[in-house]
């Protein structure tokens, strides 16, 4: 995997890590401080921390790869060309309500797509300093150490929506909510698809708007199949 300037995966991952570092610096500055809260059109909250963290990531990425496109949850598209094979999808704070209330239960999500396919994903918790990095075809790492999912062969035994998830089911997620999870989960041996079992991708251009996806993820292939079977009524 290399971009059209011939930049390899190591350089792409390095820039993704620096983008996460830049966002983390901003978020640590504002964490547990009084910040203005604004309600977006969908009534979800946003703060100056969200916007500054996103801009910090965009700056790192476009200085390194000016031909790439960037889509951020807060500020939308940033790109020179109308179409690009490489698209970065950013969510500076996934869990803004937790950030606002001073709970370290949020994360920065960074995904790099190549022709719509998620090939790099980062989940960063800047307060606890935990960082998951997933790269297509490679093992997922947590703070540099390889990790893997645990076996769980029955859906009824899976922990849903706990900190350590065996499975989760999400309705109408936006691309910035889940694309970073794809390389992370798959690189740890898990599965993540739409409710029909299709691989998740987002074929985008500068005119694209974030569509909604129904997403299911599991740490065990057997649980994933059971979850998909249970969802087929939809």
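Of all residues in the stretch 209-234, how many are surrounded by 15 or more Cβ atoms within 10 Å (Cβ to Cβ) and under 30 Å from residue 68 (Cα atoms)?
The total comes to 6.
With 62, 27, 12 as the choices, which residue is outside any loop (DSSP other than H, G, I, E, B), more than 28 Å from residue 84 (Cα to Cα) and at pLDDT 90 or above? Explain how you work it out, then say what you get.
Working: 62 fails: more than 28 Å from residue 84 (Cα to Cα); 12 fails: more than 28 Å from residue 84 (Cα to Cα).
None of the others qualify; the one that does is 27.
Which of the residues spanning the stretch 96-105 are surrounded by fewer than 24 Cβ atoms within 10 Å (Cβ to Cβ) and either in contact (Cβ under 8 Å) with a residue 60 or more places away in the chain or under 12 Å from residue 126 (Cβ atoms) (or both)? Don't jump to the end; show me each part of the working.
Here is the first cut: in the stretch 96-105, the ones surrounded by fewer than 24 Cβ atoms within 10 Å (Cβ to Cβ) are 96-98, 100-105.
Those that are surrounded by fewer than 24 Cβ atoms within 10 Å (Cβ to Cβ) and either in contact (Cβ under 8 Å) with a residue 60 or more places away in the chain or under 12 Å from residue 126 (Cβ atoms) (or both): 100, 102, 104.
Just for the stretch 77-93: of the residues that are surrounded by 20 or more Cβ atoms within 10 Å (Cβ to Cβ) and under 17 Å from the mean Cα position of the chain (by Cα), which one is farthest from residue 128 (Cα to Cα)?
From the stretch 77-93, those surrounded by 20 or more Cβ atoms within 10 Å (Cβ to Cβ) are 84, 86-93; that's our starting set.
If we keep only those that are under 17 Å from the mean Cα position of the chain (by Cα) too, we end up with 86-93.
Numbers: 86: 30, 87: 28, 88: 24, 89: 23, 90: 20, 91: 18, 92: 16, 93: 14 Å.
By that ranking, first place goes to 86.
Exactly one condition in (1) at pLDDT 95 or above; (2) assigned to a loop (DSSP other than H, G, I, E, B); (3) within 16 Å of the chain's Cα centre (by Cα) is false for residue 74; which is it?
The single condition residue 74 does not satisfy is (1).
Of all residues being assigned to a loop (DSSP other than H, G, I, E, B) and touching a residue at least 60 places away in the same chain (Cβ under 8 Å) in the stretch 108-128, which is surrounded by the most Cβ atoms within 10 Å (Cβ to Cβ)? Just the residue, please. Give the steps one after another, and end with the answer.
Going through the stretch 108-128, the residues assigned to a loop (DSSP other than H, G, I, E, B) turn out to be 115-116, 126-128.
Okay, now just the ones that are also touching a residue at least 60 places away in the same chain (Cβ under 8 Å), so 115-116, 126-127.
Working: 115: 12, 116: 13, 126: 22, 127: 17.
Ranking the candidates gives 126 first.
Here are some residues: 224, 201. Which one is on the phi < 0 side of the Ramachandran plot and either under 13 Å from the mean Cα position of the chain (by Cα) or at pLDDT 95 or above (or both)? Reasoning before the result, please.
Numbers: 224 fails: either under 13 Å from the mean Cα position of the chain (by Cα) or at pLDDT 95 or above (or both).
That would be 201, the only listed residue that is on the phi < 0 side of the Ramachandran plot and either under 13 Å from the mean Cα position of the chain (by Cα) or at pLDDT 95 or above (or both).
The values are calculated or read from the model by the stated rules, or taken from the named source; none is laboratory data. All values reported here derive from a predicted model rather than from experimental measurement. Here the Cβ is made from the backbone with ideal geometry for all residues, glycine too, and neighbour counts use every protein chain on show.
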